[in-house]
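Undergrad: Provided herewith is a single structure, encoded as structure tokens, for subsequent inquiry.
Nothing in this text is a laboratory measurement; each read-out follows from the coordinates by a stated rule. Not measured: the values here are computed from a predicted model. Positions of Cβ are backbone-derived with ideal geometry, glycine not excepted, and every protein chain shown enters the neighbour counts.
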Amino acid sequence: MGIVIADDQERERVWLRDLLVRNLSDMTPVYEAENGQQAIDLTVQHKPPVVFLDIEMPVLSGIKAAAAILQALPQTGIIIITNHSDEIFVRKLWKLVPPDGAFGYVLKDSTDQQVVDAARAVLQGDCWVHPRIQRIIRRSESATGLTDAEFEVLVYIAVGFTDKGIAKRLYITEKAVQARLKCLYTKLGIPVKGAAEDDDFNHRCRALNLSFRRGLINRSELEDWEEQLTMCV
């Protein structure tokens, strides 16, 4: 039993630990980790029903720790508590959690009551998502959200692959790559009709700029992507 909380900032751990002890005393003790690997080790050892994870931590990020925890203990409730509202993180968590799993996504400027509500919801097998993040999920599921195929080519152009390079890695034709990019540009609001070499905008650069601003991608993920996508080049 108990709860695991992981954050590399002691101040954040103290605040969260005290809040949980006051409001969920029946779930104590609270085990504290300073990095993602410690969070995994404590979770495997104590098998808590719920784990709180910051995203940016040493050794392993909260997202990577969540992936390892869910692989070992799929029914563990995961609550991300972070300053990041980027769509990339919500998308990753959404894919990691099993269809019948429980998860929460809480921003660190949430009220104490919101954090407690999130913990109780996940303990009951439900999901709790911060109101500001809910609009991201709705957008991702709507007609204007990116498909997995469109997001995939966005990642490749962010790392720097050409159409030919993307086609080679995805085992599709260059024409198929260009079709995905055209859909990506359209959903980002980038005009593609009549595109030519003398256009004022470079479509790839424009797409990356808008994607950064929307939180579809962020710099903290680029290093991981580059490592993964260029390993076999």
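Undergrad: If we count other beta carbons within 10 Å of each Cβ, what is the order of T82, T28, T43, fewest first? Don't skip to the answer; put the middle values down first.
TA: On the way: T82 20, T28 13, T43 26.
Going from least to most buried by this count: T28, T82, T43.
Undergrad: Give me D41, D200 ranked fewest to most by other Cβ atoms within 10 Å of their Cβ, as a rough exposure proxy. Provide the component values of the computation, followed by the final result.
TA: On the way: D41 16, D200 5.
Listed from fewest to most nearby Cβ atoms, that is D200, D41.
Undergrad: Using +1 on the beta carbon of Lys and Arg, -1 on that of Asp and Glu, and nothing else charged, what's the dipole of region 3-141 about the Cα centre, debye to 20?
TA: Working: 15 positive and 19 negative charges, 89 e Å.
Rounded to the nearest 20 debye, it is 420 debye.
Undergrad: Net charge within 12 Å of I172 by Cβ-Cβ distance, Lys/Arg positive one each and Asp/Glu negative one each, not counting I172 itself?
TA: On the way: positive: K164, K168, R169, K175, R180; negative: E152, D163, E174.
Within the 12 Å Cβ shell, the charges total +2.
Undergrad: Ok, one more. With angles folded into 0 to 90 degrees, how steeply does helix 10-23 sit against the dominant principal axis of the chain? Use alpha carbons for both and round to 10.
TA: For helix 10-23, the angle is close to 60 degrees.
Undergrad: Evaluate the distance, in nm, between pseudo-label points positioned 7 Å from the Cα of N202 and of Q71 along their respective Cα→Cβ axes.
TA: Roughly 3.6 nm, to one decimal.
Undergrad: Need one word for region 148-230: rounded, prolate or oblate. Basis is the Cα gyration tensor (sqrt eigenvalues a ≥ b ≥ c); a/c below 1.5 gives rounded, then a/b vs b/c decides. Intermediate values should be presented prior to the final figure.
TA: Values: a/c = 1.82, a/b = 1.18, b/c = 1.54.
Taking the square roots of the gyration eigenvalues as a ≥ b ≥ c, region 148-230 is oblate.
Undergrad: List M57, M27 from most exposed to least, where exposure is judged by having the fewest other Cβ atoms within 10 Å.
TA: Working: M57 23, M27 18.
The order, fewest Cβ neighbours first, is M27, M57.
Undergrad: Next question, about the same structure. Give, rounded to the nearest 20 debye, the magnitude of the charge dipole that region 148-230 has about its Cα centre when Lys and Arg contribute +1 at Cβ and Asp and Glu contribute -1 at Cβ. Walk me through the numbers on the way to the answer.
TA: On the way: 13 positive and 14 negative charges, 62 e Å.
Computed about the Cα centre, the dipole is about 300 debye.
Undergrad: Let me ask something else. Spin-label point model (7 Å from Cα, Cβ direction): what's the Q134 to Q178 distance in nm?
TA: 4.4
Undergrad: To the nearest 20 Debye, how big is the dipole of the chain about its Cα centre, given +1 on the beta carbon of each Lys and Arg and -1 on that of each Asp and Glu? Walk me through the numbers on the way to the answer.
TA: Details: 28 positive and 33 negative charges, 162 e Å.
So the dipole magnitude of the chain works out to roughly 780 debye.
Undergrad: Would you mind checking the pairs K95/K187; K108/K187; K95/K182; K108/K182 and listing those with alpha carbons more than 28 angstrom apart? Don't skip to the end; give the middle numbers.
TA: On the way: K95/K187 21 Å; K108/K187 30 Å; K95/K182 25 Å; K108/K182 37 Å.
The pairs that break the limit, which is 28 Å between Cα atoms, are K108/K187; K108/K182.
Undergrad: Ok, one more. At 1.567 mPa s and 4 °C, plugging the Kirkwood radius over alpha-carbon pairs of region 3-141 into Stokes-Einstein gives what diffusion coefficient in µm²/s? Walk me through the numbers before you get to the answer.
TA: On the way: Rh = 14.5 Å.
Result for D is 89 µm²/s.
Undergrad: Give me the one-decimal nm value for the distance between modelled label points at L222 and E10, 7 Å along each residue's Cα-to-Cβ direction.
TA: Simple spin-label model gives 3.4 nm for this pair.
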